[in-house]
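In what follows, a structure is listed as structure tokens, so that the remarks can point back to it.
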Amino acid sequence: VVADRIDLYQLHQPNLNVREEEILLALDKLVRAGKVREIGASNHQSWHMAKNIYLARSMGVKHYVTAQ
């Protein structure tokens with residue numbers, strides 16, 4: 001069976017060289033295209049995760065649903 005989409009796409013390191021808005025927009029585009037079901041992150045500090053969720057909600061895009 002070939003997978004049609006990725007169930008969980010995890011970012012494993014924060015990229016401080018790219019604006020968070022750009023990352024969220026790119027991930028949201030993958031979700032809206034049906035290529036990714038959910039997004040998550042690992043190795044992000046709790047303040048970074050909280051900021052991300054707030055920013056994503058204010059932008060109206062998908063936010064991280066998992067933290068590892």
Check your understanding: Can you tell me which residue in region 36-49 is nearest to L8 (Cα to Cα), limited to those that are out of contact with any helix residue (DSSP H, G or I) (no Cβ under 9 Å at 6 or more places or on another chain) and open to solvent by 60 Å² or more (accessible area, probe 1.4 Å)?
Key -> N43
Check your understanding: Being at pLDDT 95 or above, open to solvent by less than 100 Å² (accessible area, probe 1.4 Å) and of a type in the set (D, E, K, R), is that true of even one residue in region 52-60?
Key -> no
Review point. Out of (1) charged (D, E, K, R); (2) open to solvent by less than 40 Å² (accessible area, probe 1.4 Å); (3) touching a His at 6+ places or on another chain (Cβ under 7 Å), the odd one out for E20 is which?
Key: (3)
Point to revise | Failed condition for A67, given (1) out of contact with any Gly (no Cβ under 7 Å at 6 or more places or on another chain); (2) open to solvent by 60 Å² or more (accessible area, probe 1.4 Å); (3) modelled with pLDDT under 95 | key: (1)
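The values are calculated or read from the model by the stated rules, or taken from the named source; none is laboratory data. Owing to the predicted nature of the structure, the values given are computational and were not obtained by experimental measurement. Cβ atoms come from the backbone with ideal geometry, glycine included; neighbour counts cover every protein chain shown. Surface areas here come from the heavy atoms of the whole protein model, side chains and all, with no ligands, DNA or RNA. Shrake-Rupley method; radii C 1.70, N 1.55, O 1.52, S 1.80 Å.
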